[in-house]
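Written below as structure tokens is the structure these notes are about.
Derivation of every value follows stated rules applied to the coordinates shown; laboratory data play no part. A quick note: this is a predicted structure, and the numbers were derived from the prediction, not measured. Cβ coordinates were reconstructed from backbone atoms using ideal geometry, including for glycine residues, and neighbour counts include every protein chain displayed.
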Amino acid sequence: MSCAPLAPLAPLALALVACAHAPAAIPPHAAPHMAWGLVLHGGAGVITRDKLTPEREAAIRADLERALRAAHAVLAKGGSSVDAVTAAITILEDSPLFNAGKGAVFTHDGINELDAAIMYGPTRAAGAVAGVRTIKNPILLARAVMENGRHVMLVGRGAEEFAATAHIEIVDPSYFRTEERWQELQKAIAEDHFGTVGVVALDQHHALAAGTSTGGLTNKRYGRVGDSPIIGAGTYADEHCGVSATGHGELFIRYTVARDICARVEYQHEPLAAAADDVVMHELVHANGDGGIIAMDGEGHWTLTFNTPGMYRGYITEDGVPHVDIFR
Ligand code: ASP
């Protein structure tokens, strides 16, 4: 379909009206755009319709929407992207349906070891924790590390000792256990399913923030740390770009996925979606790195890119309507 020919000097508005019936031409690799808002993921993997009961799908969608709305409420009243990221992630950590906080996967030894990170774009302030076993909301501890400012990453008992001084809620390790995750470990399901949660938000002051929280990989070795808490691998934000990843963490570390996407945007001036596409659909696929990312740039372009059959994902823009999707 083509636009009606117009006089050469027809004003732009007229040209737009005349073309209104034609489908908008979407340039290759164009990312959709929002003035402010956020994108979110709840993990990628072999998520297919036959594996999700309608009840479970509805419950997952409801929690993703609840997280989107909570973060949107923060941004709508002029709040910061860091507050939006933590508002959404704590909701998903408290939900037993995602592999973060309550409901986290088990290590080979039958314990829950949690990782999380957060980064604020304008200052590149960052905080991360890894291998914690008693922190109800690891994203809040990562944030406390960031705000304390002295270090970027704390692990294990050192992180938990710091939590006590930072007034972060401590729980008994049994809090994280869900029967389903326990059965998953028993069956040692080989099928990849990554249930990490992550958020990238752009606030009304044009500040980006990114955060990620996870229990890691089912059956992982005691002490194993994935990409989520590693700045530049599973989590990254600067003035131009923010990314949160989910997938096979070892590959995401080796390919410094989050920073690679943002570096392409910064140095090569690649459109965000093209950069994400190249890294996730080509480089990672080539290396057998299953997973996906969510990303936003400083101008509000955003993308949800994954190379697996599904990724729990969503976005919300200024209008406050949550959008959630699961399958490819
Ligand atoms: N990326 C996480 C890790 O390797 C796992 C996930 O995304 O679920 O620890």
| field | Taking only Cα atoms of region 79-119, radius of gyration then Dmax in Å | value | 12.0, 41
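Order of 118, 294, 326, 230 from fewest to most other C-beta atoms within 10 Å? Could the numbers behind the result be given before it?
On the way: 118 34, 294 29, 326 19, 230 24.
Exposure proxy ranking, most exposed first: 326, 230, 294, 118.
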| task | Specify the residue with the greatest mean-square fluctuation among 172, 94, 50, computed from a Gaussian network of the chain linking alpha-carbon atoms under 10 Å apart. | result | 50
| said: Can you compute the modelled spin-label distance between residue 269 and residue 171, with each label point 7 Å from Cα toward Cβ, in nm? | reply: 4.9
| Beyond 32 Å, what percent of the Cα pairs of the chain remain? | 25
| task | Provide the packing ranking of 248-257, 69-78, 198-207, i.e. peptides ordered by the mean count of other C-beta atoms within 10 Å per residue, highest first. | result | 198-207, 248-257, 69-78
| Under a 5 Å amide H to amide H cut-off, with H placed in plane at 1.01 Å, what residues pair with residue 153 once short-range neighbours are removed? | 128
| Qualifying GluC sites (Glu not before Pro) for region 164-223 [loop in DSSP, other Cβ within 10 Å: at most 14] | 169, 191
| task | Please build a GNM for the chain, connecting alpha carbons under 10 Å apart, and tell me which residue among 48, 317, 308 fluctuates the most. | result | 48
| request: Return the single residue from 88, 67, 31 with maximal mean-square fluctuation; model: Gaussian network over the chain, springs between Cα atoms under 10 Å. | output: 31
| query | Going by alpha carbons, how many degrees (0 to 90, nearest 10) lie between the helix axis of 156-165 and the longest principal axis of the chain? | reply | 80
| Roughly how many Å is it from the Cα centre of region 50-71 to that of region 225-266, as a whole number? | 25
| said: Using Cβ contacts closer than 10 Å as the measure, can you line up 316, 231 from fewest to most? | reply: 231, 316
| remark: Along region 62-72, Karplus-curve 3J(HN,Hα) (6.51, -1.76, 1.60; θ = phi - 60°) to the nearest Hz, with x for Gly and Pro, reads 5, 5, 5, 5, 4, 5, 4, 5, 4, 6, 4
| If each of residue 111 and residue 288 carries a label point 7 Å out from its Cα toward its Cβ, how far apart are those two points in nm? | 3.0
| request: Report, to the nearest 10°, how far helix 138-148 tilts away from the longest principal axis of the Cα atoms in the chain, using its own Cα long axis and a range of 0 to 90°. | output: 80
| remark: If R0 = 22 Å, then residue 148 and residue 123, at their Cβ-Cβ distance, give a FRET efficiency to the nearest 0.05 of 0.95
| message | Within 10 Å of each candidate Cβ there may be at most 15 other Cβ atoms; applying that plus a DSSP loop requirement, which trypsin sites (Lys or Arg not before Pro) in region 198-247 survive? | response | 221
| remark: In whole µm²/s, the translational diffusion coefficient that Stokes-Einstein assigns to region 235-328, given a Kirkwood hydrodynamic radius over C-alpha pairs, 4 °C and 1.567 mPa s, equals 97
| said: I want to check the label-to-label distance for residue 221 and residue 321. Put each point 7 Å from Cα in the C-beta direction and report it in nm to one decimal. | reply: 5.0
| note | In degrees, nearest 10, the alpha-carbon axis of helix 81-94 is tilted away from the dominant principal axis of the alpha carbons of the chain by 50
| So how far, in whole Å, is the C-alpha centre of region 113-148 from the one of region 153-177? | 11
| field | For region 166-316, the Rg and Dmax computed from alpha carbons only, in angstrom | value | 16.1, 48
| remark: With x for Gly and Pro, the residue-by-residue ³J(HN,Hα) of region 171-185, computed from phi through the Karplus equation 6.51 cos²θ - 1.76 cosθ + 1.60 at θ = phi - 60° and given in whole Hz, is 10, 5, x, 5, 4, 7, 5, 10, 4, 4, 5, 5, 5, 4, 5
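In what sequence do 119, 281, 311 fall when counting other Cβ within 10 Å, fewest first?
Ascending Cβ contact count within 10 Å gives the list 281, 311, 119.
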